[in-house]
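A.B. asks: One structure follows; several queries about it will come next.
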Amino acid sequence: MMSISSLFFRGAVLWFVAGTSVGMQMGLSGNHEFIDAHAHLNLLGWVSSALSGCFYALHPTVAAKRRAWVHFTIYNAGLVLMLPSLYLVQAGHAWAEPLLQIGSSLTWAGVILFAILVVTAPSLGKVGVGK
Ligand code: HEM
C-alpha cells in the first residue's frame, strides 16, 4: 500500500500542474481574474500538500495512524470540490458556490485534524522515531 507521504506528494504535484497552468493562462491572456483560484491551487494544493507529505515522511509513526488517512481523504476530497468550484465561480458560474462552501468546509476540517495530529504527537523532535 502506498504511504501517506507518497500520496500527499503525488497529489501535491498534480495541484502544482493545475495551479501553474492557471498562472500561465492568466499570464498569456493578460486576464488576471483567476488570481484567487491560482493562489489557492498553488498554496492549499501544492505547498500545503507537499508540507503535509514532508511531515508524514519525517514522522512515520504519526503517518501510520488511521487519522492520517482520514486527514488525507477529507483534505483532498475538500480540495477536489473547492478548487475547481473557485475557478468556476471566478468565471461567473454562481451555481458552483454551494460546492465551494462544502469543499472549503471539508478542507478546513482536514486542516483541523492535521493540527490535532501534530499537536498531540509526542517526540516530534526525534525525526523518524517519534511515538
Ligand atoms: C508557471 C508558474 C506561475 C505563473 C505563470 C504565475 C502567474 C501569476 C499571475 C499572472 C498572477 C497575477 C498577478 C496579478 O494580477 O497581480 C499570479 C498571482 C499569484 N501567484 Fe502565481 N504564477 C505561477 C506560480 C505560482 C506559485 C508556484 C505560487 C505559490 C506557491 C503562486 C502564487 C501566487 C499568488 C499568491 C498570487 C497572488 C498575488 C497577489 O494577490 O498579489 N504562483 N501568478
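Just so you know, all these numbers are worked out from the coordinates, no wet-lab data involved. Please read all numbers here as calculations on a predicted model, not as lab measurements.
A.B. asks: Under the Karplus relation 6.51 cos²θ - 1.76 cosθ + 1.60, θ = phi - 60°, what is the ordered set of whole-Hz ³J(HN,Hα) values for the stretch 18-31, x standing for Gly and Pro?
C.D. replies: Taking θ as phi minus 60°, the curve returns 5, x, 6, 5, 5, x, 5, 4, 5, x, 6, 8, x, 9 Hz for the stretch 18-31.
A.B. asks: log10 I(q)/I(0), Debye, Cα-only the chain, no solvent, q = 0.13, 0.14, 0.16 Å⁻¹?
C.D. replies: With one equal scatterer per Cα and no solvent, log10 I(q)/I(0) is -0.56, -0.63, -0.78.
A.B. asks: A further question follows. Which length gain, in nm to one decimal place, applies between residue 47 and residue 90 when the Cα-Cα distance is subtracted from 0.36 nm times their residue separation? Don't skip to the answer; put the middle values down first.
C.D. replies: Details: separation 43, 0.36 × 43 = 15.48 nm, distance 2.18 nm.
Roughly 13.3 nm would be gained on extension.
A.B. asks: Ok, one more. Per 0.36 nm of contour for each residue apart, how much would the distance between residue 36 and residue 115 grow if the chain were fully extended, relative to their Cα-Cα spacing?
C.D. replies: Numbers: separation 79, 0.36 × 79 = 28.44 nm, distance 2.43 nm.
Residue separation times 0.36 nm, minus the Cα-Cα distance, leaves 26.0 nm.
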